Amino acid sequence: MRQIKNGTPAGDGFRMPGEFEHHRGCIMIFPERPDSWQYGGYAARKAFAQVAEAISRSEKVTVCASGAQYDNARAMLPEQIRVVEMSSNDAWARDYAPTFVINEKGEIRGIDWGFNAWGGLYDGLYFPWDQDNRMARKLCDLLETDVYDKREFILEGGSIHVDGEGTCLVTETCLLSPGRNPGLSREDIEEILRKYLNVSTVLWLPCGIYKDETNEHVDNICAFVKPGEVVLAWTEDQDDVQYGMSRACLEYLERVTDAKGRRLKVHKLPLPKPVVITGEECAGLDNCWDEPTRTPGERLAASYVNFYIANKAIVMPGFGDPADARAKEILQGLFPGREVIQIYARDILIGGGNIHCITQQIPG
Ligand code: KQY
């Protein structure tokens, strides 16, 4: 593996493709952190295994597991899934596995962004994060791809979505948050995204999902389903704080154009009714930094937008909510060539993210 310190993907003819373009595989990490997942991840591992199995029907899945969990992961996951031992601090492959870029010849390279647990010592969610921060390079070594070293810039994969045709979606709340790159202006950040993702247009949604502890990653509120078309998490409940947030995003999306000069077609994807964590669930979580990770009655950032696009399937969360069926039907209509597989994901949501957050596609 070559670590590229000079040169950028755009300069070298690479671009980040849309998630809906073909994949050669998917990366996941087996969960076990006891302040993120109930009872050391017992229930979360079952949900992660269902997600991995569903994706493995479409593409090669690699699951990274700690030494302590290796045997268990191997036993729980079907044989077509590759399990490798790799250290991590938690299980958010979207955020610290590499962002992959591809060139015209189909060659891929990884990007190793800096990771500081969603805000470092300012408002990060755990400490330390050193093992997470090494994963991108380790995975590029494993996959035998060259890697761009961009660790000086803090970015998580869940904070960007691209259409593969020059447009990148982000949220202001996340990319301009003081815990990430406080010395950089919006223009500086756009310049880095332009050079590393090979995009010409960065669309800045004002916010994301209420109570999303990542400073509101874009992948929970809005996603491309194809160039020129997005889904937006939506509620009709005007008494819900989320209403104003989703409306602000809609108004923004309706007034901008993408890199090709197109107006975006916005498909509203309903939100489930607010999901809150119970006292019983909180009792299954260890403390982090001497504080409980969550408190009973706390709202979780549930959203159907946090789905993964596999080659032959859409793997989406369900919450046991009446809106589960409608959200599934909408995604099925938007992805007619893929089977929509809905997985009950409350045990993933408790960790603070969902199916998109725990997966990272390898294009090609
Ligand atoms: O990408 C994500 N949504 C990760 C959330 C991490 C939360 C840590 N408790």
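Each reported figure results from applying straightforward, stated rules to the coordinates on display, with no laboratory input. Since this is a predicted model, take the numbers as computed values, not measurements. We place every Cβ from the backbone using ideal geometry, glycine too, and count neighbours over all the protein chains shown.
Observations
- Dipole in debye (nearest 20) - the chain, about Cα centre, beta carbon charges: Lys, Arg +1; Asp, Glu -1: 1040
- About its Cα centre, the stretch 223-364 has a charge dipole of approximately 980 debye under the convention of +1 per Lys or Arg Cβ and -1 per Asp or Glu Cβ, with nothing else charged.
- Note on the stretch 15-126: antiparallel DSSP beta bridges, both residues inside, total approximately 35 percent of the bridges counted.
- 10 Å beta-carbon shell around Val61, net charge (K/R +1, D/E -1): +1
- Remark: for residue pairs Lys150/Lys226; Lys138/Lys268; Lys138/Lys211; Lys211/Lys328; Lys60/Lys150; Lys5/Lys312, the C-alpha separation exceeds 30 Å in Lys138/Lys268; Lys138/Lys211; Lys5/Lys312.
- By other beta-carbon atoms within 10 Å, ranking Trp289, Trp37 with the fewest at the front produces Trp289, Trp37.
- The DSSP beta bridges internal to the chain are antiparallel in roughly 40% of cases.
- A convex hull fitted to the Cα coordinates of the stretch 210-258 yields 79 cubic angstrom per residue.
- Taking packing as the residue-averaged number of other Cβ atoms within 10 angstrom, the listed peptides 91-100, 55-64, 278-287, 246-255 run from highest to lowest as 91-100, 55-64, 246-255, 278-287.
- Packing-based ranking, highest mean first, of 298-306, 193-201, 11-19 given that Cβ atoms within 10 Å are counted: 298-306, 193-201, 11-19
- Charged neighbours of Tyr126, selected by a Cβ distance under 10 Å, balance to -2 (K, R count +1; D, E count -1).
- Taking other residues whose beta carbon is less than 15 angstrom from the beta carbon of Arg186, and scoring Lys, Arg as +1 and Asp, Glu as -1, yields -3.
- Extending 7 Å from the Cα toward the beta-carbon at both Tyr42 and Glu291 defines two label points whose distance is 2.8 nm.
- Residue separation of Asp130 and Lys273 scaled by 0.36 nm, minus their Cα-Cα distance, works out to 47.9 nm of gained length.
- Estimated from the Cβ-Cβ distance and a Förster radius of 41 angstrom, the FRET efficiency linking Thr257 and Lys105 is about 0.85.
- Mean Cβ neighbour count within 10 Å, used as a protection proxy, ranking 66-73, 268-275 highest first: 268-275, 66-73
- Between Arg326 and Glu236, the simple spin-label model (points 7 angstrom out along Cα→Cβ) gives 0.6 nm.
- In order along the stretch 102-118, the phi-based Karplus estimate (6.51 cos²θ - 1.76 cosθ + 1.60, θ = phi - 60°) of 3J(HN,Hα) comes to 9, 10, 4, 7, x, 6, 10, 9, x, 10, 9, 7, x, 10, 9, 6, 6 Hz; Gly and Pro are listed as x.
- DSSP beta bridges confined to the stretch 181-307 are antiparallel in about 60 percent of cases.
- Selection from Gly164, Gly124, Gly183, by position along the positive dipole direction of the stretch 114-201 (Cβ): Gly124
- Residues Ile358, Ile27 in ascending order of nearby Cβ atoms (within 10 Å, fewest first): Ile27, Ile358.
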